[in-house]
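**Student:** So that we are looking at the same thing, I have put the structure below in structure tokens.
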Amino acid sequence: MKRVLIAGAAGFLGSHLCDRFIKEGYSVVGMDNLLTGNLKNIEHLFPLPQFEYYHHDVSKFVHVPGKLDYILHFASPASPIDYLKMPIQTLKVGSLGTHNLLGLAKEKGARILVASTSEVYGDPTVHPQTEEYWGNVNPIGPRGVYDEAKRFMESITMAYHNFHGVETRIIRIFNTYGPRMRLNDGRALPAFMSQALTGQDLTVFGDGSQTRSFCYVSDLVDGIYRLLLSDYHLPVNIGNPVEISLLEFAEEIIKLTGSKQKIIFQALPKDDPKQRKPDITKAQELLGWSPKIDRAEGLKITYDYFKEALNK
Ligand SMILES: NC(=O)c1ccc[n+]([C@@H]2O[C@H](COP(=O)([O-])OP(=O)(O)OC[C@H]3O[C@@H](n4cnc5c(N)ncnc54)[C@H](O)[C@@H]3O)[C@@H](O)[C@H]2O)c1
């Protein structure tokens, strides 16, 4: 049985990854310090003999007894609200945390996949974003703590690949949504949904013309799985290329939830990207991957999840 360590296991993406690897017949070691995650996301796995959980901060030295075949680094505050509140932890987990997990991969002879982000492109001047684009990031802006941590993550991962011969994979994840997102994490989708479900007006920043593209979580997890098992070590974008303005998106959520609320406009946060859309040619050609769940279907599942979560 192959054994995989998933750092950030109690988070939104980490918990879905635990489910997928258990389903594929792996033995899974989940690791988390619960900075932004919740054990509720993985409590259904605790009775399984092939699941183990370690409460640990990966920015400190990481020790896992026994063999490891794969390591997935998904530990990091990920939403703007979280990383603005925890700038130092965000920088540490992207830098020291990545260093520690790369060291563990080297020690165990394991293959490691690190979760980078479309944020490495900053406020892009190239559209859609291909992996060859170097980005437009303000290192000292409010988002710099996250963006630069992830850019360092990519850099040190390549260094471990080139210098130590560690088998590495780098995924650049674009906005992903689905069940187990936190209602109050500040990202557009949970913010709109919780506002619509609790009778508040929906707040759109700026004039709402800025675009995003939203990938449903099972599609992303499938892309991660395929990339891990591929033999490609350079960064790969995974995301849904269907682009929508935030104003249209807010209108879609009002329609879906049958809410009577209005849309109100607030000042655009500093360095908010104007456009985001992945070029996924590489993922299509190298991994045979394309998103399968369209927005209407994904939003319906997510809405049902949020409705239930709010009623609990
Ligand atoms: N969700 C997205 O749309 C998206 C987009 C791009 C990149 N990512 C990346 O994917 C990863 C997971 O994001 P998410 O949306 O699931 O966020 P999340 O906040 O739900 O999950 C992150 C998890 O990491 C844990 N964590 C944070 N610091 C830690 C540390 N020092 N040691 C151990 N555990 C720690 C948290 O407690 C949490 O459980 C992050 O690295 C994020 O940067 C996510």
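**Student:** Look at the stretch 42-68 and say how many of its residues are open to solvent by 20 Å² or more (accessible area, probe 1.4 Å) and more than 7 Å from the ligand (Cβ to nearest atom).
**Tutor:** Of the residues in that region, 17 qualify.
**Student:** ILE173: touching a residue at least 40 places away in the same chain (Cβ under 8 Å) and aliphatic (A, V, I, L, M), yes or no?
**Tutor:** Values: touching a residue at least 40 places away in the same chain (Cβ under 8 Å): yes; aliphatic (A, V, I, L, M): yes.
Criteria met by ILE173.
**Student:** Looking at the stretch 118-146 only, could you name the residues that are touching a helix residue (DSSP H, G or I) at 6+ places or on another chain (Cβ under 8 Å), buried (at least 18 other Cβ atoms within 10 Å of the Cβ) and within 17 Å of LEU268 (Cβ to Cβ)?
**Tutor:** The answer is GLU119, GLY122, ARG143.
**Student:** Hey, another quick one. Here are some conditions: (1) of a type in the set (Gly, Ala, Ser); (2) open to solvent by 10 Å² or more (accessible area, probe 1.4 Å); (3) in contact with a Phe, Trp or Tyr (Cβ under 9 Å, 6 or more places away or on another chain). ALA10 meets all but one. Which one does it not meet?
**Tutor:** Against the list (1) of a type in the set (Gly, Ala, Ser); (2) open to solvent by 10 Å² or more (accessible area, probe 1.4 Å); (3) in contact with a Phe, Trp or Tyr (Cβ under 9 Å, 6 or more places away or on another chain), ALA10 comes up short only on (2).
**Student:** Among ILE71, ILE22, ILE6, which is the only one that is within 20 Å of the chain's Cα centre (by Cα), away from the ligand (no atom under 14 Å from the Cβ) and closer than 24 Å to LEU229 by Cα?
**Tutor:** Details: ILE71 fails: away from the ligand (no atom under 14 Å from the Cβ); ILE6 fails: away from the ligand (no atom under 14 Å from the Cβ).
Checking each option against the conditions leaves just ILE22.
**Student:** Being touching a strand residue (DSSP E or B) at 6+ places or on another chain (Cβ under 6 Å), near the ligand (Cβ under 9 Å from one of its atoms), within 29 Å of LEU183 (Cβ to Cβ) and not in a loop (DSSP other than H, G, I, E, B) is the requirement here; does GLY14 meet it?
**Tutor:** On the way: touching a strand residue (DSSP E or B) at 6+ places or on another chain (Cβ under 6 Å): yes; near the ligand (Cβ under 9 Å from one of its atoms): yes; within 29 Å of LEU183 (Cβ to Cβ): yes; not in a loop (DSSP other than H, G, I, E, B): yes.
In short, yes.
**Student:** Let me ask something else about it. List pairs: first in the stretch 21-32 and under 12 Å from LEU48 (Cα atoms), second open to solvent by 10 Å² or more (accessible area, probe 1.4 Å) and assigned to a helix (DSSP H, G or I), Cβ under 6 Å, 6+ apart or cross-chain?
**Tutor:** VAL28/ILE22
**Student:** Restricting attention to the stretch 183-227, which residues are buried (at least 20 other Cβ atoms within 10 Å of the Cβ), away from the ligand (no atom under 12 Å from the Cβ), assigned to a helix (DSSP H, G or I) and of a type in the set (A, V, I, L, M)?
**Tutor:** Answer for the stretch 183-227, where residues must be buried (at least 20 other Cβ atoms within 10 Å of the Cβ), away from the ligand (no atom under 12 Å from the Cβ), assigned to a helix (DSSP H, G or I) and of a type in the set (A, V, I, L, M): ALA191, MET193, ALA196, LEU227.
**Student:** If you don't mind, there's one more thing I want to ask. Please tell me if GLU132 is more than 22 Å from TYR225 (Cα to Cα), out of contact with any strand residue (DSSP E or B) (no Cβ under 8 Å at 6 or more places or on another chain) and of a type outside the set (Ser, Thr, Tyr). If you could, list the steps in order and put the result at the bottom.
**Tutor:** Numbers: more than 22 Å from TYR225 (Cα to Cα): yes; out of contact with any strand residue (DSSP E or B) (no Cβ under 8 Å at 6 or more places or on another chain): yes; of a type outside the set (Ser, Thr, Tyr): yes.
Considered against the rule, which asks whether it is more than 22 Å from TYR225 (Cα to Cα), out of contact with any strand residue (DSSP E or B) (no Cβ under 8 Å at 6 or more places or on another chain) and of a type outside the set (Ser, Thr, Tyr), GLU132 comes out as yes.
**Student:** Output the number of residues of the stretch 74-111 satisfying the condition of being more than 9 Å from the ligand (Cβ to nearest atom) and either within 16 Å of the chain's Cα centre (by Cα) or farther than 19 Å from ARG169 by Cα (or both).
**Tutor:** First, pick out the residues of the stretch 74-111 that are more than 9 Å from the ligand (Cβ to nearest atom): 80-81, 84-85, 87-88, 91, 95, 98-111.
Now drop any that are not either within 16 Å of the chain's Cα centre (by Cα) or farther than 19 Å from ARG169 by Cα (or both), which leaves 80-81, 84-85, 87-88, 91, 98.
Qualifying residue count for the region: 8.
**Student:** Output the number of residues of the stretch 73-83 satisfying the condition of being of a type outside the set (Ser, Thr, Tyr), open to solvent by less than 30 Å² (accessible area, probe 1.4 Å) and out of contact with any helix residue (DSSP H, G or I) (no Cβ under 6 Å at 6 or more places or on another chain).
**Tutor:** Total meeting the criteria: 1.
**Student:** Considering ILE244, ILE301, ILE293, which residue is of a type in the set (Val, Ile, Thr) and in a helix (DSSP H, G or I)?
**Tutor:** Values: ILE244 fails: in a helix (DSSP H, G or I); ILE293 fails: in a helix (DSSP H, G or I).
The match here is ILE301.
The values are calculated or read from the model by the stated rules, or taken from the named source; none is laboratory data. Just so it is clear, the model here is predicted, and its values are computed rather than measured. Note that we place each Cβ from the backbone using ideal geometry, even for glycine, and neighbour counts take in every protein chain shown. For the accessible areas, the whole protein counts, side chains as well, though only heavy atoms, and no ligand, DNA or RNA atoms are used. Shrake-Rupley method; radii C 1.70, N 1.55, O 1.52, S 1.80 Å.
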